[in-house]
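The values are calculated or read from the model by the stated rules, or taken from the named source; none is laboratory data. Treat the numbers as computed from the prediction; the structure is a model and nothing was measured. For neighbour counting, all protein chains shown are included, and Cβ atoms are generated from backbone atoms with ideal geometry for every residue, glycine included.
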Amino acid sequence: MTTPTLDGSKRFGFLLLPSFSMLAYASTVEPLRLANRVLGRETYVCRSYSVDGGPVTASNNFVTVPDAVLSTADQPDILLVCGGVGSEHFRDSGVCALLRRFASHGVTLGALCTGTCLLARAGLLDGYRCTIHWENMLGFTEEFPHLQVVPKLFEIDRNRLTCSGGTAGIDLMLEVIANNQGREVAAAVSDLMLHHRMRQGHEGQRMELRNRLNISHPKLLKAVAQMEANIEAPLGCAELASRIFVSPRQLERLFHQYFNTSPTRYYLGLRLERARSLLTQTSLSILNVALACGFVSASHFSKCYRDYFHRAPSDERGPSRRSKKSQTPHSVPMATVPSRAEAAFAAKPEPAETSLAVAA
C-alpha cells in the first residue's frame, strides 16, 4: 500500500450504482459520522449521488434517495463509486467521462465492492494497484488482464482507493481518519463501532479454511486446499492422498466422516462452483469454462452442471442470472455425481486427462 496522499480529504462523495451494497456503503459512511462526533465538529461532509438524480435501489431492495445527480455534484475531495452484486455489469460512457473529469480536476477516486469495475472501464485504474471482492476477482482479472489486482481488504495507491466491500469499508475509513486526524481518533471511532481491531489493508479477504469449513482436521484441510488449488487440472484420488500422506481409503473415510460425501463429489462441487463464477462473471465460452475447470468436453461439463445445479450452463447468462444465482446456496451440495466423474477421479487421469481436455 503506497503512502496515502489524503491529508486534506474531508468532503466525500458517494456514487450509488444500481444494486449497490448497503453494507459496504454504510460501513464507509458511519466511521466518518462517528469521527465527527469524536472530534466535536463536522470535519467530514458526506454527499450521495446517483447517475440520474433519482432514487437508487440497493442489493437488499432498500431504496436510497441521493442528494444530487452526479453531473451537478460539487467537487468533493474523494469520490467513491459504490457497487454491489450485479453492479459489475453497469456500463455508461457518460458516467465514465464524468469520472475522468473529476480525476483531471484533482479528485481522489475510489470504489467499494464491484464499483472497481466502473473505474477500470473508465481507464482510471491503469498504472494503479486495485482490489475487488474475492467473489468477483476471477471475472475482473479476465476483463482487465492489464491491471494489477491484489487480493487485499483495501488498497490505497496514491490518489486511488479501492475496497473489497462488506465491512472492509470500516477499515478503509479508519485508515483515512488515522491519516487525517491521528491514530487516537481512529481508535476511538473503532471502539464506538464495537470494531475490536483495525485491520490493515494488506490482510486477506477470506476466512481461513478451517473457519470456513468449521473443521480442524489437518489432513482434511490440506486435502481441500489441494483441491481448491488444482481446479483446471484435477488431481486423481491416489495423487491427492499421497500429497497429504494418507492412503486413498483413509481419504475416503475422512470425507465421509466430516462431509458425508466422497472426495470425488466434493471435488466436483468445487469445480462446478468455480465454473458458475466464470459463467456469470466472464465472457468465456462454455467450452473454455469447461476446460478451465478440468472437464474434457463441453457436453460432459453441461451434464454435470445440470445434474448439480438443475439448470444448464447457458441459463446462467440469461437476463435474470444474478437473481437466480443468489437463490442458490454457496456451500457445496451433495448432488449425485455422474459415474464418469467418479471413475475419472478414482483412476488418477491427470496427465492424460489434462492433455485430452486441451485437445477437446
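So which pairs qualify, if the first residue must be in region 271-285 and closer than 12 Å to PHE309 by Cβ, the second must be of a type in the set (Val, Ile, Thr) and assigned to a helix (DSSP H, G or I), the Cβ gap must be under 8 Å, and the two must be at least 6 apart or on different chains?
Within 8 Å, the pairs are ALA275/VAL289; LEU279/ILE286; LEU279/VAL289.
Could you identify the single residue in LEU80, LEU124 that is farther than 21 Å from PRO145 by Cα, aliphatic (A, V, I, L, M) and either modelled with pLDDT of 95 or more or part of a helix (DSSP H, G or I) (or both)?
On the way: LEU124 fails: farther than 21 Å from PRO145 by Cα.
Answer to the selection: LEU80.
Please work out if ALA275 is at pLDDT below 95, assigned by TED's automatic domain parsing to the domain that holds VAL289 and either part of a loop (DSSP other than H, G, I, E, B) or crowded, with 19+ Cβ neighbours inside 10 Å (or both). Show your work before the answer.
Details: at pLDDT below 95: yes; assigned by TED's automatic domain parsing to the domain that holds VAL289: yes; either part of a loop (DSSP other than H, G, I, E, B) or crowded, with 19+ Cβ neighbours inside 10 Å (or both): yes.
Against the criterion (at pLDDT below 95, assigned by TED's automatic domain parsing to the domain that holds VAL289 and either part of a loop (DSSP other than H, G, I, E, B) or crowded, with 19+ Cβ neighbours inside 10 Å (or both)), ALA275 qualifies.
Can you pull out every residue in region 63-101 that is touching a Pro at 6+ places or on another chain (Cβ under 8 Å) and either surrounded by 14 or more Cβ atoms within 10 Å (Cβ to Cβ) or of a type in the set (S, T, N, Q) (or both)? So that I can check it myself, show each step before the final result.
Taking region 63-101 as the starting set, the residues that turn out to be touching a Pro at 6+ places or on another chain (Cβ under 8 Å) are 63-66, 86-87, 90.
Listed by number, the residues that qualify are THR64, PRO66, GLY86, SER87, PHE90.
Out of the residues in region 220-260 meeting the condition of being closer than 18 Å to LEU209 by Cα and either in contact with a Ser or Thr (Cβ under 8 Å, 6 or more places away or on another chain) or of a type in the set (Asp, Glu) (or both), tell me which one is surrounded by the most Cβ atoms within 10 Å (Cβ to Cβ).
PHE255
Output the residues belonging to region 288-309 that are touching a residue at least 24 places away in the same chain (Cβ under 8 Å) and within 23 Å of PHE144 (Cβ to Cβ).
Answer for region 288-309, where residues must be touching a residue at least 24 places away in the same chain (Cβ under 8 Å) and within 23 Å of PHE144 (Cβ to Cβ): VAL289, LEU291, ALA292, CYS293.
Have a look at GLN205, GLN200 and point out the one that is crowded, with 17+ Cβ neighbours inside 10 Å, among the polar types (S, T, N, Q) and touching a residue at least 24 places away in the same chain (Cβ under 8 Å). Steps first, please.
Numbers: GLN200 fails: crowded, with 17+ Cβ neighbours inside 10 Å.
Result: GLN205 is the single residue among GLN205, GLN200 that is crowded, with 17+ Cβ neighbours inside 10 Å, among the polar types (S, T, N, Q) and touching a residue at least 24 places away in the same chain (Cβ under 8 Å).
Hey, does region 36-43 have a residue that's in a loop (DSSP other than H, G, I, E, B), in contact with a Lys or Arg (Cβ under 8 Å, 6 or more places away or on another chain), surrounded by 14 or more Cβ atoms within 10 Å (Cβ to Cβ) and modelled with pLDDT under 95? Spell out how you get there, then give the answer.
Going residue by residue through region 36-43, those that are in a loop (DSSP other than H, G, I, E, B) are 40-43.
With in contact with a Lys or Arg (Cβ under 8 Å, 6 or more places away or on another chain) added as a condition, the list becomes 43.
Filter again for surrounded by 14 or more Cβ atoms within 10 Å (Cβ to Cβ), leaving 43.
Remaining after also requiring modelled with pLDDT under 95: 43.
Checked region 36-43: at least one residue is in a loop (DSSP other than H, G, I, E, B), in contact with a Lys or Arg (Cβ under 8 Å, 6 or more places away or on another chain), surrounded by 14 or more Cβ atoms within 10 Å (Cβ to Cβ) and modelled with pLDDT under 95.
Please specify each residue of region 25-41 satisfying the condition of being β-branched (Val, Ile, Thr) and out of contact with any strand residue (DSSP E or B) (no Cβ under 9 Å at 6 or more places or on another chain). Don't jump to the end; show me each part of the working.
Keep residues of region 25-41 that are β-branched (Val, Ile, Thr), which gives 28-29, 38.
Passing the criteria: only VAL38.
Scan region 167-189 for residues that are closer than 21 Å to MET22 by Cβ and under 26 Å from the mean Cα position of the chain (by Cα) and jot them down. Write out each step before concluding.
Here is the first cut: in region 167-189, the ones closer than 21 Å to MET22 by Cβ are 167-174, 176, 189.
Scanning region 167-189 gives THR167, ALA168, GLY169, ILE170, ASP171, LEU172, MET173, LEU174, VAL176.
Applying the selection to region 66-107, what residues are among the β-branched types (Val, Ile, Thr) and farther than 15 Å from LEU17 by Cβ? Quick ask: steps written out before the conclusion?
Residues of region 66-107 among the β-branched types (Val, Ile, Thr): 69, 72, 78, 81, 85, 95, 107.
Selection gives THR72, ILE78, VAL107.
Could you check LYS324 against (1) farther than 21 Å from ASN136 by Cβ; (2) at pLDDT below 65; (3) surrounded by 14 or more Cβ atoms within 10 Å (Cβ to Cβ) and say which number it fails?
Failed condition: (1).
What's the number of the only condition in (1) part of a loop (DSSP other than H, G, I, E, B); (2) modelled with pLDDT of 95 or more; (3) of a type in the set (Lys, Arg) that ARG91 fails to meet?
Unmet condition: (2).
Of everything in region 52-77 that's among the aliphatic types (A, V, I, L, M) and not in a helix (DSSP H, G or I), which residue is nearest to the chain's Cα centre (by Cα)? Give the derivation first.
So in region 52-77, the residues among the aliphatic types (A, V, I, L, M) come out as 56, 58, 63, 65, 68-70, 73.
If we keep only those that are not in a helix (DSSP H, G or I) as well, we get 56, 58, 63, 65, 68-69, 73.
Numbers: VAL56: 22, ALA58: 17, VAL63: 23, VAL65: 26, ALA68: 29, VAL69: 28, ALA73: 29 Å.
Going through the qualifying residues, I end up with ALA58.
Could you please find all residues in region 17-34 being part of a helix (DSSP H, G or I) and either at pLDDT below 95 or within 15 Å of the chain's Cα centre (by Cα) (or both)?
First pass over region 17-34, keeping only residues part of a helix (DSSP H, G or I): 22-34.
Listed by number, the residues that qualify are LEU23, ALA24.
If we scan region 283-298, do we find a residue that is modelled with pLDDT under 80, more than 30 Å from ALA58 (Cα to Cα) and outside the structural domain of SER87 (by TED's automatic domain parsing)?
No, region 283-298 contains no residue that is modelled with pLDDT under 80, more than 30 Å from ALA58 (Cα to Cα) and outside the structural domain of SER87 (by TED's automatic domain parsing).
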